[in-house]
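K.L.:
Mind looking over this structure? Questions follow.
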Number of protein chains: 2
Amino acid sequence: MRATVLHSPGDIRLDELPDPDLVDDTDAIVRVVASCVCGSDLWPYRGVNAGSKPTQIGHEFVGVVERVGSTVSDIAVGDFVIAPFLYSDNTCALCVKGVHSSCVNGGGYDGCQCELVRVPWADGTLVKVPGNVDEAMIPHLLTLSDVFPTGHHAAVSAGVTAGSTVAVVGDGAVGLSAVLAAKRLGAGTVVAMSRHEPRQEVARSFGADHVVATRGREGAGEVKEILGGIGADAVLECVGSADSMKQAFQTVRPGGTVGYVGIPHDVKLNLPVMFFTNSNLHGGVAPVRAYLDELLPDVLDGTIAPGAVFDQTLPLDRVADGYRSMDERTAIKTLLRP
Amino acid sequence: MRATVLHSPGDIRLDELPDPDLVDDTDAIVRVVASCVCGSDLWPYRGVNAGSKPTQIGHEFVGVVERVGSTVSDIAVGDFVIAPFLYSDNTCALCVKGVHSSCVNGGGYDGCQCELVRVPWADGTLVKVPGNVDEAMIPHLLTLSDVFPTGHHAAVSAGVTAGSTVAVVGDGAVGLSAVLAAKRLGAGTVVAMSRHEPRQEVARSFGADHVVATRGREGAGEVKEILGGIGADAVLECVGSADSMKQAFQTVRPGGTVGYVGIPHDVKLNLPVMFFTNSNLHGGVAPVRAYLDELLPDVLDGTIAPGAVFDQTLPLDRVADGYRSMDERTAIKTLLRP
C-alpha cells in the first residue's frame, strides 16, 4: 500500500509499504476513506521529539472495514467507521471511568495517512456510522477521530457549562473546534484569540462572540474587559507552547479553569500564582472514544458542522504539500484522500 | 491588649499592643473567644517567608462583636461570629463567583491570636451563629474559620462526589478535616495516608476506611491496590511540600484530580505526565466564606464534629508552648483561649 513516512525532519514521503495484516483476533483492517494532518504531526515534522529512523505517521481517519479478527463482533466488514486516534478496549477500569486515552490495553496506530490501517481492539475502538454516508458528510465525520473531540475535551475539562464565559487560546483547528464545542455546551460569551483573518472567520462561523487579536498581558486585558473585568471562567488552551499556556493563565479569572489539550512543550507553570488565585489546570490527551456517542448524533443531524476546519483537500500523493502548507500556516488543516 | 507577635523565627511572644480601633465605616471590632495555631503559621515560625520585623500572627478565630462601624447592618454588637481567615465584601464579581479568597476588597487580619481584632467589611465577612453558643460547640465553630472549610475545599476542588474513591495526603489538621469533608460529600472509599497513630485514630473517627502508613511509590501502590488497581479518583493534597505533591500525583488515577490546599513550597510538577494521564490540579486558598452557609448547619446540628482536630487547649499566655508542640508534632492543632 501507499503510506506516508516521515524520513527526517521536513522530509515527508509517500512510500510503498506492505499491507498490514490481522495480528490479534480482536483486530480489524480498515481501508482509509479520508485522513488528515494534525498540528501534533508538525512537532516531529519540525524535528521536535522526532524519531531517528523513517516512521509511518498520521492518527486521524475514517474508513470502511475490510477484514475483522475472529472475535470481533460489533464491527463488521463493510461498516463505515470513525477511528478515534488511540485504540482502546472500552472495557477496562479506566475506559469505564471515561479515560480511554489511558486504556490499559490502549495505544496508537502505526500511521494512517495511507490506504490500510490495522486497528487493535476493533470492537472497543471503532464507532460505526449508521446508514449511508454522504460524501459531504465525510469531513465532518473525520473531525470526530481527533480534532473536534479534542476541542470538546478542552471545553469539558475547563468546566464549560451553560452561561460560562470562555476564552480560546490558539486558532489552529483544535482551537477553532474548541470554540464550536464551547458554544455547543451552552457557553455564554466566547472570545477567540486569533491574529489571522481566515481563522477569525471560521471562529465567528463557529459561534465566537468576540475576536481578540492582541496577545500577552494586553490581550488578556482586552478579554477581561469584554468579560466584565475579571477574566474568563474557562480558558481553552489549544496549543501547548510556553507562550500559550502563559496567555491562558493571564486570561483566566480567579477560581476559573484552564482546559488544556495541546501537548505541553517547555511549559513552566507559576504554581504560587495558580494557588493564590485558585486557577485550575485540567485536561490532557482527549479520550475521544468516550465522547463519540454524544457527539456523533449532533454531526449526523447537522447540529454542528465541525468539518469547516478543513480548508485544503489533497490526494494522498500530495501529502508533502499538505504538511508544508500547514507548517507555513497557509492551510488550517489538510484533508487527505487516498 | 495582649497579642501574639512573631519576633523572629522560633521567637513567639505575647506582647502588650494598643487595642485596634474602627477605621472604616464597614469595620467591626471583635473580642476573641477562641483562636488557634495553623500549620501555615509554622512556615514563618520556622523561618520560611518570615518578615524582617516583629509581626502579629494568627488568622483563625471566633468571637463576640464589640463595636461596629456606622454602615454595618447585618452584624450587631453582641453577636457570636465566625471569622473566615480572609475578609471579603461578599458582593464583588469574584465573591459572586464564590472566590471570596480573591475578593477585590479582600485581605487578611493584622493577627488574631490576641484579644481584639479589627475586621474590615464586617457584613461581608462575619457569619453570625444563631442562638446561644454552648461552650462545647466552640472548638467545632472555630474550625469553620479555616481548617475545616480548607479540608472541604480540597475535597470540592478534587471533585469528590457520591461514591468517589479518595486518598488524603497529609495527616495534619487540614488533612484530617479533608477526610471528614470527603465523607460528608458522600465519598465511597477514603484512604488516609498517615504514619502517626494518634492522627490515624482521628482519621478513622472522621470516616477514613483505610489508613496507609507507607509513602512514596510503594505507598501509592498500596492505595491503588485498595482502590481497585487504578489509583484514586480524587487525591486531597493537604501539605504543600514537594514530596506531598509528588505523592499526590503518584496516587491519583488517570483522569483523576488532585485537590490541593497546602501553600506550595518548592513544588515541581511533571506536566508531561499530567498531560498524558489527564491528571488534573485544582485548588488553592480556600474561599471559606463561600462555604459557611452550607457547613455551619451541619456543625450546629451535630452532623459533623470537626473540632476533634484540636488535641491541645492552652491559655493565650502559653501561646509559645502551642507553637512549639505543633512544630514538634506533639500536638495536631492547638486551641488558644484569651
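The values are calculated or read from the model by the stated rules, or taken from the named source; none is laboratory data. For clarity, every value in this text was computed on a predicted model and none was experimentally measured. Here Cβ is always computed from backbone atoms with ideal geometry, including for glycine, and neighbour counts include all displayed protein chains.
K.L.:
I need the full set of residues from the stretch B:59-74 which are without any contact (Cβ under 8 Å) to a residue 60 or more places away in the chain and not in a strand (DSSP E or B), in order please.
P.N.:
Passing the criteria: B:G69, B:S70, B:T71, B:V72, B:S73, B:D74.
K.L.:
I've got another one for you. Could you list, in sequence order, all residues of the stretch B:254-264 that are over 16 Å from the mean Cα position of the chain (by Cα), facing chain A (nearest Cβ under 9 Å) and on the phi < 0 side of the Ramachandran plot?
P.N.:
Passing the criteria: B:P254, B:G256, B:T257.
K.L.:
Say we look at the stretch B:270-307 and pick out the residues that are within 14 Å of another protein chain (Cβ to nearest Cβ) and among the polar types (S, T, N, Q); which of these is surrounded by the fewest Cβ atoms within 10 Å (Cβ to Cβ)?
P.N.:
Taking the candidates together, the pick is B:N270.
K.L.:
Hey, does the stretch B:132-151 have a residue that's in contact (Cβ under 8 Å) with a residue 12 or more places away in the chain, under 30 Å from B:S205 (Cα atoms), buried (at least 19 other Cβ atoms within 10 Å of the Cβ) and of a type in the set (G, A, S)?
P.N.:
Yes, the stretch B:132-151 has at least one match.
K.L.:
Please specify each residue of the stretch B:308-331 satisfying the condition of being in contact (Cβ under 8 Å) with a residue 24 or more places away in the chain, buried (at least 20 other Cβ atoms within 10 Å of the Cβ) and either small (G, A, S) or within 14 Å of chain A (Cβ to nearest Cβ) (or both).
P.N.:
Passing the criteria: B:A308, B:G322.
K.L.:
Looking at the stretch A:75-84, which of its residues are touching a Ser or Thr at 6+ places or on another chain (Cβ under 8 Å) and either at pLDDT below 95 or not in a loop (DSSP other than H, G, I, E, B) (or both)? Spell out how you get there, then give the answer.
P.N.:
Taking the stretch A:75-84 first, the residues touching a Ser or Thr at 6+ places or on another chain (Cβ under 8 Å) are A:82-84.
Those that are touching a Ser or Thr at 6+ places or on another chain (Cβ under 8 Å) and either at pLDDT below 95 or not in a loop (DSSP other than H, G, I, E, B) (or both): A:I82, A:A83.
K.L.:
Within the stretch A:99-119, how many residues are within 9 Å of chain B (Cβ to nearest Cβ) and of a type in the set (S, T, Y)?
P.N.:
Looking only at that region, the number is 2.
K.L.:
Which condition from (1) within 14 Å of chain B (Cβ to nearest Cβ); (2) farther than 23 Å from A:V319 by Cβ is the one that A:T125 breaks?
P.N.:
Here A:T125 clears every test but (1).
K.L.:
Something else now. Have a look at A:V77, A:V96 and point out the one that is more than 18 Å from the chain's Cα centre (by Cα), within 14 Å of another protein chain (Cβ to nearest Cβ) and without any contact (Cβ under 8 Å) to a residue 24 or more places away in the chain.
P.N.:
A:V96
K.L.:
Another question, then. Please specify each residue of the stretch B:80-93 satisfying the condition of being under 20 Å from the mean Cα position of the chain (by Cα) and of a type in the set (S, T, N, Q).
P.N.:
B:S88, B:N90
K.L.:
Does the stretch B:101-117 hold any residues that are surrounded by fewer than 21 Cβ atoms within 10 Å (Cβ to Cβ) and either in a strand (DSSP E or B) or not assigned by TED's automatic domain parsing to the domain that holds B:F61 (or both), and which are they?
P.N.:
Selection gives B:G107, B:G108.
Residue by residue, here is whether (1) in contact with a helix residue (DSSP H, G or I) (Cβ under 8 Å, 6 or more places away or on another chain); (2) aliphatic (A, V, I, L, M); (3) under 22 Å from A:Q312 (Cβ atoms) holds:
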residue: A:P198; (1), (2), (3): no, no, yes
residue: A:F206; (1), (2), (3): yes, no, yes
residue: A:H210; (1), (2), (3): yes, no, no
residue: A:G221; (1), (2), (3): no, no, no
residue: A:V261; (1), (2), (3): yes, yes, no
residue: A:V267; (1), (2), (3): yes, yes, no
residue: A:V273; (1), (2), (3): yes, yes, no
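K.L.:
Further question on the same structure: Is it the case that A:V30 is away from chain B (no Cβ under 14 Å), modelled with pLDDT of 95 or more, within 30 Å of A:D321 (Cβ to Cβ) and crowded, with 23+ Cβ neighbours inside 10 Å?
P.N.:
yes
K.L.:
Just to verify a result, which residue in the stretch A:7-27, among those that are within 17 Å of A:E115 (Cβ to Cβ) and not charged (D, E, K, R), is surrounded by the fewest Cβ atoms within 10 Å (Cβ to Cβ)?
P.N.:
A:P18
K.L.:
Is it true that B:D233 is under 25 Å from B:D209 (Cα atoms), of a type in the set (D, E, K, R) and under 17 Å from the mean Cα position of the chain (by Cα)?
P.N.:
Criteria not met by B:D233.
K.L.:
Being in contact with a Pro (Cβ under 9 Å, 6 or more places away or on another chain), at the interface with chain A (Cβ under 10 Å from one of its Cβ atoms) and assigned to a loop (DSSP other than H, G, I, E, B) is the filter here; which residues of the stretch B:226-253 pass it?
P.N.:
Scanning the stretch B:226-253 gives B:I230, B:G231, B:G240.
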